[in-house]
Amino acid sequence: QAEVALSDSMELINIVYIIILLSLSYFTFFHVILWFESKNKPKKITLKNNQLPNVSILMPAYNEGKVIGSSLEKLKSVDYPKEKFEVIVIDDGSKDNTYDIALQYKKEKNLNKLTIIKHKNNKGYGGNQKFCYNYAIEKNYDIAVMVHGDGQYAPEEIPRLLEPLERDNADFVFG
């Protein structure tokens with residue numbers, strides 16, 4: 001019986017060694033792949049201003065009257081040439097003063113690159129998103145960026161999200 005117990009414990013030790021060896025092999029392989037991937041990443045391309053894509057920043061909004069002004073104000077922090085992007089606020093039939101506040105913001109700031117659209121009837125969030133993307137397509141924008149009227153997403157991240165699109169490394173970026 002002592003030989004059987006010794007044999008069983010030797011078998012268990014061998015299994016543990018195999019598991020450790022496989023784990024180490026996996027992690028080594030994984031790190032080698034990451035290293036090769038990092039070597040093949042394209043360098044950041046600096047384009048001339050006139051080569052940058054035209055970007056639509058789409059802001060669907062519904063009953064965002066209390067925050068739409070501050071959400072629009074946050075877009076000032078976007079580090080992208082102002083002549084290369086337009087902000088489009090699409091009020092989805094709000095019951096509050098979202099539309100009026102957005103119009104007032106545009107007038108006070110004297111912004112030509114701010115378009116405000118109001119749906120007569122609420123299309124729902126999905127319907128409003130479809131409208132936004134179709135608008136960007138109809139207006140021939142190269143890239144469509146969607147932010148929320150409640151300021152939920154950080155506009156200062158927009159240039160970082162645009163980079164893979166500008167380098168033609170991605171067709172869609174979400175973040």
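The values are calculated or read from the model by the stated rules, or taken from the named source; none is laboratory data. Here the structure is a predicted model, which is why all the values come from computation and not from measurement. So basically every Cβ, Gly included, is an ideal-geometry build from the backbone, and we count neighbours across all protein chains shown. The area values use the complete protein model at the heavy-atom level, side chains included, leaving out ligands, DNA and RNA. Shrake-Rupley method; radii C 1.70, N 1.55, O 1.52, S 1.80 Å.
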For this session: Please verify whether region 90-106 includes one or more residues that are touching a Cys at 6+ places or on another chain (Cβ under 7 Å) and touching a residue at least 40 places away in the same chain (Cβ under 8 Å).
Result: yes
Exercise. Of the residues TYR135, TYR141, which is in a loop (DSSP other than H, G, I, E, B) and closer than 25 Å to LEU52 by Cα?
Worked result: TYR141
Seminar exercise, completed: Residues in region 111-157 that are more than 19 Å from the chain's Cα centre (by Cα) and small (Gly, Ala, Ser) total 2
For this session: For region 69-117, name all the residues that are open to solvent by 40 Å² or more (accessible area, probe 1.4 Å), part of a loop (DSSP other than H, G, I, E, B) and of a type in the set (A, V, I, L, M).
Result: LEU111
Exercise. Among ILE158, ILE116, which is of a type in the set (A, V, I, L, M, F, W, C) and touching a Lys or Arg at 6+ places or on another chain (Cβ under 7 Å)?
Worked result: ILE116
For this session: Identify, from the list ARG160, ARG167, the residue that is open to solvent by 100 Å² or more (accessible area, probe 1.4 Å) and either modelled with pLDDT under 90 or of a type outside the set (Phe, Trp, Tyr) (or both).
Result: ARG160
